[in-house]
1. Would you calculate, for the chain, the mean residue ellipticity at 222 nm contributed by helices, counting each DSSP H stretch of 4 or more residues as -39,500 (n - 2.57) and dividing by all residues, to the nearest 500?
2. Give me the aspartates and glutamates in straight-line cross-link reach of Lys90: C-alpha distance below 14 Å, same-chain residues under 8 apart excluded.
3. Taking the 0 to 90 degree range and rounding to the nearest ten, how far is the long axis of helix 405-438 tilted relative to the main principal axis of the chain, both from C-alpha atoms?
4. Taking every Cα atom in the chain, find the radius of gyration and the maximum pairwise distance Dmax, and write them in Å.
5. Compute the long axis of helix 589-604 from its Cα atoms, compare it with the longest principal axis of the Cα atoms of the chain, and write down the angle in degrees, 0 to 90, nearest 10.
6. Among all the aspartates and glutamates, which ones have a C-alpha under 17 Å from Lys105's C-alpha, if same-chain residues fewer than 8 places away are not counted?
7. Once the cut-off is 17 Å, how many percent of the Cα-Cα pairs in region 80-142 end up in the long-distance tail?
8. Share of antiparallel DSSP beta bridges in region 49-345, in percent to the nearest 5?
Amino acid sequence: MKIFKGKAFFVKSFLLHIFLVAIIAFVSINFWENPIYDMMTNLTHATMKGSDDIALVMIDNKSIDSYRWPWARSLYGEVFDYLNKYTNAKVVVFDSIFTNLDKNKPPSSDNYFFDTVKNTDNFIGGYMALSDKYENPELGSNYDEKFQRKFSIEIADKRTKNNSRYSNYNSLTMFPDKYFDAQKNVGSVNFTLNPVDGILREATDLISYNDNYYPSLALRAYMLSNKTNKLTLTNNYLIVDKTGLKIPIYTHNGDIRHNMKFCEFLPNSDYSHKTYSAIDLINSDRLLKSGKKPIISPSEFDNKIIFVGANALAVEDVLKTTIATKHPGVDIQATILDNFLNNQFIVKFNSFSNLVTIILISIATFLIIRFFAFLPSLLTLIGFAILYFAFCIICFNNNIVPLVITPLAVQLSTMIFGYSYRFILEGKNKEKIKNAMGKYLSQDIMKNVVQNIDDIKLGGKKANVTVLFADIRGFTSMSEKMTAEEVSVILNEYFSEIEPIITKYNGVINKFIGDAVMAIFGEPIQDLNHPQNAVRCACAMLKKVDQLQDKWLAEGKPKIEIGVGINTGEAFVGNIGSEKRLEYTVIGDTVNLASRIESYNKVYKTNMLISSSTYSYVADIVDTIKIADVTIRGKAKKMDIYEVLRLSE
């Protein structure tokens, strides 16, 4: 079966298109969508203003200029002492991880810090879940049990799918014992960067560890600020029961995540929330203790959630995010909390919605190409792409994120496929028409027409050609004895056998005239040896008729013979007729003489006669008998003709 045959061709093309679309979608989703997502986020209103209910206390360059890094734990203690004793902060979040005692400072430094934390009921410390296993498994197992008893929260898991608590983690960072005992609340500081471009776009709200879920630093701050310890987990949402907050989530490697909505940076700042230098809080704590006016009024922090962290030249804590190449980690934590406080989240189309979008766009594109002309379909598809991009902008402005580039890439792929399929299909149909017309016109004439399709007009040229006429002997009497259907069977078989012979010798069948055939040699196929090829063709035709006679006699059909007449000379070759109806043919005395010479086969009981002009070209390749002084109807002078007996070459 040919590849272009009907449904098989379409099915093969369709499967190839599906394969290419799958590859394009894979590449686009993994490598193109994220940069486009970042661009769209920054161009649209997919960012928000940082909440005034959040403040950042930073160990910045100013702080390190005052006290060399690394800081003594007592300095941290002074920061938290100020926030605990003098302010009415809702929650104090420490975005840092301590796993060892400070051996470079006196024990009093650590103890002061631990005592301060112990006295700060609204303190939340940070820790991290790790993929590495504990060096001491027994010690690690005991720590995990102690951690679970003290810091686990109540989660009602109502999921009906994707409810596996598979964990990617094998250990936790371990607090020193006194620090562990001092803390009442902790939160994970785990972030997962995109493996392809290393950019943070999602927040991990719950980590899965040892068949339990533990909240992130930001989620724990939100829960503590609302004095709740209960969550409900459903297929699509993480719900804070007390406030009714519904976080649109998805599961990845067991963790519960949501797509972050980032906050705009403050003017001339690397942060999206108001910041204070940690050294100013330390000095304010000391001034208040001595009865003096502080540098920063404690009322600045009333009813606010405070994040304490470090970001300076000596201790840079930054990550690459959608909106910045160096986004301070503390500000990222504050941004995640901001999502909760303002109930603002980015919701991406799920896989099913994206698949439906891609399929619909692909189908619509193919149908537009299939049923519209090229220019209207192209303009429609360009307009369609613009509308889809506008739709994406509207979605981003409303915190909804569809795939942007993938559907457009699939549309482009479908356009290439569709126009290619259409081109092949049109070519196939044209070939069908060409083949069908070739049954009425010579294939060579048809090729000539196709090659000069834009220059078809009345007229032609004079050319030296050889014209061959072949006529069936006794056709009239045979027709009277047989039915029309029987006659047509014989004629069709006869013509079918001689047509390839004529073609083989560079001849072109100009027309069938009842039982006769007229062929041209030398035009439109250029052939310098057209007289010789015409004679060779006639000999082959006579030989084929002899073979057919044996076959027809065996089938009980009448014996038929043909006569061939050939003439060479100048004739008009080209299109005759009218502007609306043309015929490619050869006219002139050369044609008429060939026809009349053929008719003399009946007179002289011969099979092939040629003119003297043809004989002048072929004398060295044929054995002939000269028939002299023949009176040809329409010719004033008598002329010689030649009976061809056989080829002598």
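Where a number appears in this text, it was derived from the coordinates with a stated rule and is not lab data. None of the values given here were measured: they were computed from a predicted structure. Note: ideal-geometry Cβ built from the backbone for every residue, glycine included; neighbour counts use all protein chains shown.
1. Details: 19 runs with 285 residues, N = 649.
Result for the chain, helices only: -14500 deg cm²/dmol.
2. Excluding near neighbours in sequence, the set is Asp52, Asp53, Asp121, Glu300, Asp302.
3. The angle comes out near 10 degrees.
4. My reading of the Cα-based Rg and Dmax gives 47.3, 148 Å.
5. Once rounded, one gets 50 degrees.
6. Glu78, Asp115
7. Details: 1096 of 1953 pairs.
So the portion of pairs separated by more than 17 Å is 56 percent.
8. Values: 22 of 49 bridges.
In region 49-345, DSSP labels about 45 percent of beta bridges as antiparallel.
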